[in-house]
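Enquirer: The structure follows.
Each value in this text was obtained by applying a stated rule to the coordinates, not by laboratory testing. Source: prediction; values computed, not measured. In this analysis, Cβ positions are derived from the backbone assuming ideal geometry, glycine residues included, and neighbour counts consider all displayed protein chains.
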């Protein structure tokens, strides 16, 4: 099945929208092929502010209505406890909120941007999507991440090369309870590195320290700017560590 055929059979739908590559292409395709789509962004402590700003900017550019849904994810005990199935409990809570908002607006179909490259065996959150009957058109049509990026570039979407971004909760070691204070530390530190020109990186918590992970291409830059990085992160972390094993580029 093609996306054109998928959306020609779906005249109206709600869509979970993060502002990332997959969900941006999903909105573009839905609108391009005649589906009256309404975007819903769920704002929690796990999402940094820049993601909400990206979602607002992109939905406006695509001329798709956007509703922001607030959710207190830290009040979900299984998510805040940060066990090995945190993603399942998080997704289940967030998409339950999205479903409630979509249904209030009269929608009976909820979409998300899962693609054919996403491995269900490695993503417990996908179990929650299945249980809640959330549809994934990109996955259903066999579109991989690389294909989504290629088609996004052809469509002129600015998100075609946007690095994949995992939520702030992933910066806290599994088994360590997630607090608002810890999430605030990570968000401030990552915003500081972004302001210094870094892209596609992570600041992870390690015994009260910041552990920075960058791609191979950025390792020389981070060493050159170590003094600026130390000064930028000093208000947030007493100690800053660099992981010498480069993280794979996420585009």
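Enquirer: Which of 39, 24, 191 ends up with the largest GNM mean-square fluctuation for the chain, with Cα atoms connected below 10 Å?
Expert: Evaluated over the chain, the most mobile residue of the options is 191.
Enquirer: Which length gain, in nm to one decimal place, applies between residue 96 and residue 147 when the Cα-Cα distance is subtracted from 0.36 nm times their residue separation? Write down the numbers at each step before the final one.
Expert: On the way: separation 51, 0.36 × 51 = 18.36 nm, distance 2.93 nm.
Stretched fully, the residue 96-residue 147 segment lengthens by 15.4 nm.
Enquirer: Arrange 78, 130 by Cβ neighbour counts within 10 Å, fewest through most, would you? All intermediate terms of the calculation are to be shown ahead of the outcome.
Expert: Values: 78 14, 130 10.
Result, fewest neighbours first: 130, 78.
Enquirer: Tell me the angle of helix 145-155 to the major Cα principal axis of the chain, expressed in degrees between 0 and 90 and rounded to the nearest ten.
Expert: 70 degrees
Enquirer: Points 7 angstrom from Cα along the Cβ direction at residue 1 and residue 108: gap in nanometres?
Expert: 1.6 nm
Enquirer: Rounded to the nearest 500, what is the 222 nm mean residue ellipticity of the chain from helices alone, with -39500 (n - 2.57) per DSSP H run of 4+ residues and division by all residues?
Expert: Numbers: 11 runs with 107 residues, N = 251.
Helix-only estimate at 222 nm: -12500 deg cm²/dmol.
Enquirer: Continuing with this model, one more query. Calculated FRET efficiency, residue 135 and residue 195, Cβ-Cβ r, R0 41 Å, to nearest 0.05? Each step should come with its number before you reach the end.
Expert: On the way: r = 38 Å, r/R0 = 0.92.
About 0.60, to the nearest 0.05.
Enquirer: Report the full-extension gain for the segment residue 36 to residue 161: residue separation times 0.36 nm, less the Cα-Cα distance, to one decimal in nm. It would help to have the intermediate numbers written out before the result.
Expert: Numbers: separation 125, 0.36 × 125 = 45.00 nm, distance 2.62 nm.
Fully extending the segment from residue 36 to residue 161 adds 42.4 nm.
Enquirer: I need the calculated FRET efficiency for the pair residue 224 and residue 181, taking r as the beta carbon distance and R₀ as 22 Å, to the nearest 0.05. Let's see the in-between values first.
Expert: Details: r = 31 Å, r/R0 = 1.41.
The calculated FRET efficiency here is 0.10.
Enquirer: Between (1) 38; (2) 42; (3) 59, which matches percent of Cα pairs over 26 Å apart calculated for the structure shown?
Expert: Only one option fits the structure, namely (2).
Enquirer: So what's the angle, to the nearest 10 degrees on a 0 to 90 scale, between helix 21-32 and the longest Cα principal axis of the chain?
Expert: So the inclination is approximately 20 degrees.
Enquirer: Which whole-angstrom value gives the distance between the alpha carbon centres of region 63-110 and region 114-183?
Expert: The two parts, judged by their Cα centres, are 14 Å apart.
Enquirer: Nearest 10 degrees, 0 to 90: what angle lies between the long axis of helix 180-195 and the longest principal axis of the chain (Cα atoms)?
Expert: 90 degrees
Enquirer: Of the DSSP beta bridges with both residues in the chain, give the percent that are antiparallel, rounding to the nearest 5.
Expert: Details: 5 of 21 bridges.
Close to 25 percent.
Enquirer: Take every DSSP beta bridge whose two residues both sit in region 179-242, then give the antiparallel share in percent to the nearest 5.
Expert: Working: 5 of 8 bridges.
Roughly 60 percent of the DSSP beta bridges within region 179-242 come out antiparallel.
Enquirer: Ok, one more. Mind giving me the nanometre distance, one decimal, between the label points for residue 8 and residue 170, set 7 Å out from Cα along Cα→Cβ?
Expert: Between residue 8 and residue 170, the label points sit 3.6 nm apart.
Enquirer: By its C-alpha gyration tensor, with a ≥ b ≥ c as the square roots of the eigenvalues, how is region 108-225 shaped: rounded for a/c under 1.5, else prolate for a/b larger than b/c, else oblate? Walk me through the intermediate numbers first.
Expert: Details: a/c = 2.49, a/b = 1.38, b/c = 1.81.
It comes out oblate by the Cα gyration axes.
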